[in-house]
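The structure under discussion appears below in the form of C-alpha cells.
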Amino acid sequence: MADSAVKLIAKIIDGKKFAEGLRASVAKDVADLKSNHDLTPGLAVVLVGDDAASQVYVRNKGEQTKAAGMNSFTFRLPDDASEDELLARVEELNNDAAVHGILVQLPLPTHMNADKVINAINPAKDVDGFHVINSGLLATGQDGMVPCTPLGCVMLIKDVLGNDLSGKRALVLGRSNIVGKPMAQLLLRENCTVTIAHSRTVDLADECKRADILVAAVGQAQMVKANWVKPGACVIDVGMNRIPAPERGTGKTRLVGDVDFEIVKNVAGSITPVPGGVGPMTIAVLLASTVRAAKRIHEID
Ligand code: GUN
C-alpha cells in the first residue's frame, strides 16, 4: 500500500490513567504532610440545590478526597437558600483552620450572584482559582491558585508534546471564566501564540485549522469537525454534552465532547476522548491544588 493510503489514527490521550497517577502522587504528599508536619489537608465543597450532574460531581469529589487521605467536608444547602446563608457558610469555612480548600459548586441558582460568592472565598483557599485575585495573579504571571480543568489540560498537553510548548500556535475555543480564559492564560505562560475563538469569531474553522494545539471548551456537542483540525495537531476536548442515543434504548443518552471524535481522530496527532480524557483530570488536579493550598497556608515547601 502506498504511504499516502495509510490512515493515521491519533494517539488517544488517556486522561483516566494520568489522573490515577496524579492521585497516587497526591496521596503520597498527604501521607508525608501527616507524618512530617502533623497536617491533614481538608477540602470543603458546598452544593446549593439538587442539580443532578452537580450531585454526582460533588459525591465524586468527596470520595476521591477521602481516598487520597484528606479530610472532606460537604455542605448541602437547599435550592431556595438565600445568598446570605451561602455567604455565611463561606465565611465559616474561611475561618476554619481544618479547611484548606473551599469549592462552591457551580452553577448556583439564578437568585444568587456567583461572582459575589466566589469573591467572598479567602483567595488562599480558593482551590478553583476563580477569585478575581487569583485570576489577576494568573493574568499577570504571578503565583496563585489556578483553575483545575485548564491546569489538567496543560498537564495532558505536556505529556504528549513535551514540556516545551514555546512558539506553538494554540487556539482555545470558548471564553468562559472557568475554562477558556484561564486556559488561554496558561498557554500564554507556556509561551504559546494564543488565540481565543468564540461564537462571534469569523472563519472559525480556518482559525482552528492553524492551531498546533486546539482546546475545545464551548459546550456544543461534536462541533469540531475533521476539516477544522490541522493534521497532527494536539486536540483537547473539554466538552461534556449529553446527546440522545436511541441505539442504547428509548430515552437513553450518551456523553460526547465538543469534538467529533470518530472523524477528528483520523486527522489529529493526539486527542482526548470523552469520557476518559479531560474529565478525570479535574478532580485529580483539585486534590493536588488542595495539598498546595494547605502547604502555602502553613508555609511548607
Ligand atoms: N461546575 C463545573 N465545573 C466546575 C468547576 O471546575 N468548579 C466549580 N466550582 N464548579 C464547577
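The values are calculated or read from the model by the stated rules, or taken from the named source; none is laboratory data. Please read these numbers as outputs of a predicted model, since none were measured by experiment. When we count neighbours, we look across all protein chains shown, and the Cβ atoms used for this are built from the backbone with ideal geometry, even at glycine. Calculation scope for accessible area: heavy atoms of the full protein, side chains included, ligands and nucleic acids excluded. Shrake-Rupley method; radii C 1.70, N 1.55, O 1.52, S 1.80 Å.
Just for strands (runs of 3 or more DSSP E) wholly inside the stretch 205-276: which have at least 1 residues that are more than 16 Å from the chain's Cα centre (by Cα) and closer than 25 Å to Cys192 by Cβ?
Fully inside the stretch 205-276 and qualifying: 213-216, 234-237.
Residues checked against (1) farther than 21 Å from Ala19 by Cα; (2) out of contact with any Gly (no Cβ under 8 Å at 6 or more places or on another chain):
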residue	(1), (2)
Val104	yes, yes
Lys116	yes, yes
Asn122	yes, yes
Lys125	yes, no
Phe130	yes, yes
Pro150	no, yes
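I want to confirm something. Restricting to the stretch 91-111 and keeping residues that are open to solvent by 60 Å² or more (accessible area, probe 1.4 Å), within 25 Å of Ser176 (Cβ to Cβ) and touching a residue at least 24 places away in the same chain (Cβ under 8 Å), which single residue is farthest from the ligand (Cβ to nearest atom)?
If we take residues in the stretch 91-111 being open to solvent by 60 Å² or more (accessible area, probe 1.4 Å), within 25 Å of Ser176 (Cβ to Cβ) and touching a residue at least 24 places away in the same chain (Cβ under 8 Å), then His111 is farthest from the ligand (Cβ to nearest atom).
Can you confirm whether Gln220 is of a type outside the set (Phe, Trp, Tyr), open to solvent by 50 Å² or more (accessible area, probe 1.4 Å) and within 16 Å of the ligand (Cβ to nearest atom)? Lay out the reasoning, then the answer.
Numbers: of a type outside the set (Phe, Trp, Tyr): yes; open to solvent by 50 Å² or more (accessible area, probe 1.4 Å): yes; within 16 Å of the ligand (Cβ to nearest atom): no.
No: the conditions fail for Gln220.
Just a yes or no: is a residue in the stretch 40-51 more than 22 Å from Val90 (Cβ to Cβ) and not in a strand (DSSP E or B)? Before the answer, list the steps.
Restricting attention to the stretch 40-51, the residues satisfying the condition of being more than 22 Å from Val90 (Cβ to Cβ) are none.
Checking the stretch 40-51: not a single residue is more than 22 Å from Val90 (Cβ to Cβ) and not in a strand (DSSP E or B).
Would you mention how many residues in the stretch 225-255 are buried (at least 21 other Cβ atoms within 10 Å of the Cβ) and either more than 16 Å from the ligand (Cβ to nearest atom) or of a type in the set (Ser, Thr, Tyr) (or both)?
The number of residues fulfilling the criteria is 5.
I'd like to know if the stretch 13-22 contains one or more residues that are aromatic (Phe, Trp, Tyr), under 25 Å from the mean Cα position of the chain (by Cα), modelled with pLDDT of 95 or more and in a helix (DSSP H, G or I).
Within the stretch 13-22, one or more residues are aromatic (Phe, Trp, Tyr), under 25 Å from the mean Cα position of the chain (by Cα), modelled with pLDDT of 95 or more and in a helix (DSSP H, G or I).
Can you give me the ranges of the helices (runs of 4 or more DSSP H) entirely in the stretch 112-183 with at least 3 residues that are buried (at least 18 other Cβ atoms within 10 Å of the Cβ)? Show your work before the answer.
Details: elements: 114-118, 132-139, 148-161.
So the answer is 132-139, 148-161.
Might you check whether a residue that is within 18 Å of the chain's Cα centre (by Cα) and among the small types (Gly, Ala, Ser) occurs anywhere in the stretch 58-70?
The answer is yes; a qualifying residue exists.
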